[in-house]
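Derivation of every value follows stated rules applied to the coordinates shown; laboratory data play no part. On a predicted model such as this, the values are computed, not experimentally measured, just so you know. Because the Cβ atoms are built from the backbone with ideal geometry, glycine has one as well, and the counts that use them run over all protein chains shown.
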Amino acid sequence: MVVGGWLLPQAGSGESPASAGQLSAKGQILSLEKISKLAKAHKPGEILEVELEKKHGRYLYEVEILDTRSQVWELKLDARTGQLLKMELDD
């Protein structure tokens, strides 16, 4: 479920939309709008989901994009810098 542009995480995973909004407001992570633009620059298509996770003390955005060939791609981007860390076809 998406609330305020943030994907609500499943139990036990990801950051809440409220904490993600606070981190973005403090400048600790990029906004949903900025990360969406960066993700689409790497893989054009329709964004299906965006989730913010914290792994190994680092915030990451996981973005799922549906491309023009109806393939779903999963991109992982550094939430602070927007750097693409990984891109793969989603199973």
Members of segment 40-91 found to be surrounded by 15 or more Cβ atoms within 10 Å (Cβ to Cβ), out of contact with any Phe, Trp or Tyr (no Cβ under 9 Å at 6 or more places or on another chain) and either outside any strand (DSSP E or B) or in contact (Cβ under 8 Å) with a residue 60 or more places away in the chain (or both), listed by number
K40
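Just the residues that are among the basic types (K, R) and closer than 16 Å to G21 by Cα, please, taken from segment 37-57. Walk me through it before giving the result.
Filtering segment 37-57 down to residues among the basic types (K, R) leaves 37, 40, 43, 54-55.
Result: K54, single match.
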